[in-house]
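Okay, so here's the structure we're looking at.
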Amino acid sequence: MTVGIDDIAIYIPRLFVDARDFAKARGMDPDKLQRGLGISQMAMVDTNQDPACMAANACLKIMQKNDLSPNEVGRLYVATESSLDESKAMNSYVIGMLEQVYGDDSFGHCGGIECKFACVSGSYALYDNSNWIRAGEAEGKSAIVVVSDIAKYDLGSSGEYTQGAGAVAMLVNDRPRLLEFDPKVTATSIKNEYDFYRPFGKETPIVHGQYSNLLYLLQVKKALMLYKEKALSSGLIKLKAGETILDYIDFLNMHLPYSNMGKKAMAYLLRHEWRKLPRWKKVIEKIGMEEPVPKDPRGTIESVLADSEFMTKDHEFTKKFTKTEEFQEAYDSKLASSLIASQMIGNLYTASLYLGFRSTLEFEFQKGTDLEEKRFGFGSYGSGSSAMVFSGVIKPTYKEIVRDMNLESEIGNRVKLSLEEYEEIHENKRGLKENFLKSKKEFVLVDVKNTPESSGERRYVYNS
Ligand code: COA
């Protein structure tokens, strides 16, 4: 049965911090952010915005754009790691907001939950909703999967320059105009880890940055190996001598905590796949050095990170590899367009991968690339940790959706925050009603109760 993404809508807050201002204020070289990590701007929420209202704004956009009525939506899932409550699910807030527009109880039979697994949960939500449709339970209805997050790290930490905020809503059904998922190839990997986590009550995460970078690569590679096994055994992809599975992925979308992580991941996966192929000999000749191996190739992530001789050599090798014509060709044709939105917006945790997908669609379309029947591979990663690799093929009807995409006009007039203003928001020094921007045609948060009997109750309004 055909199942896939029929349409996609984004909500990105209009406030932002400029990476150059940020670098100056923190005494950093701006090139580290712009060239080293690929960060130009970071979107920030206003004082009256939270992950639930961003999610509702993205859902409203997708519903209005497709003229959908609530009874055509059978499930609404929210995937987030910016939860507002230990018990009440974020989709209930979203439904409450949507019912302000569509009427009381209009979503009365729309099932759904909030999903959590760091940045990967949106992919699990998409997979589960696709299977709800495949099982014949949807009866022609669509599911909306919305991923929404505020990526927030401690002031002065190395994570602080990988912040951002936004939501992406995806309409999933059995008649997708955009992308059809490849069946029976979705592959996962999982391991109990502490690379990044946020204990109860803490607003910012505890992060082991370099550890999380490496774990991301290992987990995605592990999931890719299972994806490969499934794609070959199911006959979805047939490899000829000297080929790799990645030759059959026309566009690669990776989880993007910062845009250069996509490039790092692609380099890592290509190295893994190419080193067994005849083409590698030529690449090694161009690099001019052998591929380094750690002192203890079967060691732990800690032992690999502590092997400074290997880490230095491996870094040098990767840099040289990414400068080869072979890598550049794969990078330009498969990945580069997915990174553009991330550079402009920053980290969206669960939503980063899907903003990257949207970015590929918009910017490849602008280049005049024919995307019809092209296979998109997705490498999703969530700390803690789990990865999911899956793929889908672009439908002939995709132009109907993609021709109207325009990231800049969809975000609207962006307003740059000074570093003082940013820090006031970050440290929660401004009250809910001391918002910077006047909102129009969107949901905003207007009250959070603090009396003992209703502590934490949130109220939202739609500003028409
Ligand atoms: N000019 C240009 N590039 C520069 C530079 C300069 N002056 N100084 C440093 N760089 C480059 C580094 O070479 C490196 O790029 P490379 O790895 O491609 O060589 C990059 O900038 C980052 O620098 P580095 O010092 O390695 O990183 P960091 O200590 O600042 O931490 C993160 C980076 C991502 C680990 C950190 O921001 C973090 O913890 N983020 C949150 C967690 C996260 O995103 N994890 C990812 C997996 S989910």
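The values are calculated or read from the model by the stated rules, or taken from the named source; none is laboratory data. All values derive from a computational prediction rather than experimental measurement. Neighbour counts run over all protein chains shown; Cβ positions are idealised from the backbone, glycine included. Accessible surface areas use protein heavy atoms only, side chains included; no ligands, DNA or RNA. Shrake-Rupley method; radii C 1.70, N 1.55, O 1.52, S 1.80 Å.
Going by the conditions given, is Phe107 within 16 Å of the ligand (Cβ to nearest atom), touching a residue at least 12 places away in the same chain (Cβ under 8 Å) and either surrounded by fewer than 17 Cβ atoms within 10 Å (Cβ to Cβ) or farther than 21 Å from Pro13 by Cα (or both)?
Taking the combined requirement at face value, the residue does not satisfy it.
Just the residues that are away from the ligand (no atom under 16 Å from the Cβ) and either within 14 Å of Gly382 (Cβ to Cβ) or of a type outside the set (Val, Ile, Thr) (or both), please, taken from the stretch 110-120.
Cys110, Gly111, Gly112, Glu114, Cys115
Are there helices (runs of 4 or more DSSP H) fully within the stretch 307-407 with at least 1 residues that are within 27 Å of Trp274 (Cβ to Cβ)? List them. First the steps, then the outcome.
Working: elements: 308-322, 325-330, 340-345, 352-367, 398-402.
Fully inside the stretch 307-407 and qualifying: 308-322, 325-330, 340-345, 352-367.
Return the pairs, sorted by first residue and then second, in which the second residue is part of a loop (DSSP other than H, G, I, E, B) and open to solvent by 50 Å² or more (accessible area, probe 1.4 Å), the first residue lies in the stretch 190-204 and is closer than 15 Å to Tyr381 by Cβ, the beta carbons are less than 6 Å apart, and the residues are 6+ apart or on different chains.
That search, which allows pairs on different chains as well, returns Asp195/His208.
What number of residues within the stretch 322-341 satisfy the criterion of being of a type outside the set (D, E, K, R), open to solvent by 30 Å² or more (accessible area, probe 1.4 Å) and touching an Asp or Glu at 6+ places or on another chain (Cβ under 9 Å)?
Summing the residues that are of a type outside the set (D, E, K, R), open to solvent by 30 Å² or more (accessible area, probe 1.4 Å) and touching an Asp or Glu at 6+ places or on another chain (Cβ under 9 Å) in the stretch 322-341 gives 2.
Assess whether Ile284 counts as being touching a Phe, Trp or Tyr at 6+ places or on another chain (Cβ under 8 Å) and surrounded by 14 or more Cβ atoms within 10 Å (Cβ to Cβ).
Here the answer is no, as Ile284 does not meet what is asked.
Could you check, for the stretch 342-352, whether at least one of its residues is open to solvent by 10 Å² or more (accessible area, probe 1.4 Å) and farther than 24 Å from Thr162 by Cα?
Scanning the stretch 342-352, I find no residue that is open to solvent by 10 Å² or more (accessible area, probe 1.4 Å) and farther than 24 Å from Thr162 by Cα, so the answer is no.
Could you go through the stretch 198-209 and let me know if any residue there is in contact with a Pro (Cβ under 8 Å, 6 or more places away or on another chain) and within 15 Å of the ligand (Cβ to nearest atom).
Checked the stretch 198-209: at least one residue is in contact with a Pro (Cβ under 8 Å, 6 or more places away or on another chain) and within 15 Å of the ligand (Cβ to nearest atom).
From Gly431, Gly456, Gly384, grab the single residue that is open to solvent by 20 Å² or more (accessible area, probe 1.4 Å), under 25 Å from Ser121 (Cβ atoms) and over 27 Å from the mean Cα position of the chain (by Cα).
Gly456
Considering every residue within the stretch 201-220, establish whether at least one is assigned to a loop (DSSP other than H, G, I, E, B) and among the hydrophobic types (A, V, I, L, M, F, W, C).
The first filter runs over the stretch 201-220 and keeps only residues assigned to a loop (DSSP other than H, G, I, E, B), leaving 201-205, 208.
So of that shortlist, the ones also among the hydrophobic types (A, V, I, L, M, F, W, C) come out as none.
No, the conditions are met nowhere in the stretch 201-220.
Output the residues belonging to the stretch 389-404 that are in contact (Cβ under 8 Å) with a residue 24 or more places away in the chain and open to solvent by 20 Å² or more (accessible area, probe 1.4 Å).
To start, the set of residues in the stretch 389-404 that are in contact (Cβ under 8 Å) with a residue 24 or more places away in the chain comprises 389-403.
Scanning the stretch 389-404 gives Val393, Lys395, Pro396, Thr397, Lys399, Glu400, Arg403.
I'm checking my understanding of the structure. Among residues of the stretch 13-40 that are open to solvent by 40 Å² or more (accessible area, probe 1.4 Å) and away from the ligand (no atom under 16 Å from the Cβ), which one is nearest to Leu445 (Cα to Cα)?
Per the stated criteria, the residue is Arg14.
Within the stretch 172-191, does at least one residue satisfy the condition of being away from the ligand (no atom under 14 Å from the Cβ) and at positive phi?
Yes, because at least one residue in the stretch 172-191 is away from the ligand (no atom under 14 Å from the Cβ) and at positive phi.
Out of all the residues in the stretch 273-280, is one or more under 29 Å from the mean Cα position of the chain (by Cα), within 16 Å of the ligand (Cβ to nearest atom) and either assigned to a helix (DSSP H, G or I) or farther than 26 Å from Ile245 by Cβ (or both)? First the steps, then the outcome.
Of the residues in the stretch 273-280, the ones under 29 Å from the mean Cα position of the chain (by Cα) are 273-275.
Filter once more, so that each one left must be within 16 Å of the ligand (Cβ to nearest atom): none.
Looking for residues that are under 29 Å from the mean Cα position of the chain (by Cα), within 16 Å of the ligand (Cβ to nearest atom) and either assigned to a helix (DSSP H, G or I) or farther than 26 Å from Ile245 by Cβ (or both), one finds none in the stretch 273-280, hence no.
Going by the conditions given, is Asn253 at pLDDT 95 or above, assigned to a helix (DSSP H, G or I) and within 16 Å of the ligand (Cβ to nearest atom)?
No: the conditions fail for Asn253.
If Asp314 satisfies every condition in (1) under 30 Å from Pro205 (Cα atoms); (2) open to solvent by 10 Å² or more (accessible area, probe 1.4 Å); (3) of a type outside the set (Gly, Ala, Ser); (4) touching a residue at least 24 places away in the same chain (Cβ under 8 Å) but one, which is the exception?
(4)
Under 7 Å by Cβ, and 6 or more places apart or on different chains, what pairs join a residue from the stretch 44-64 that is closer than 17 Å to Gln100 by Cβ with one that is among the hydroxyl-bearing types (Ser, Thr, Tyr) and open to solvent by 10 Å² or more (accessible area, probe 1.4 Å)?
Cβ pairs passing all conditions: Ala52/Tyr93; Cys53/Tyr460; Met54/Tyr11; Asn57/Tyr11; Ala58/Tyr11; Lys61/Tyr11.
Tell me which residues, restricted to the stretch 335-362, are β-branched (Val, Ile, Thr) and closer than 16 Å to Lys263 by Cα.
Matches in the stretch 335-362: Ile340, Thr360.
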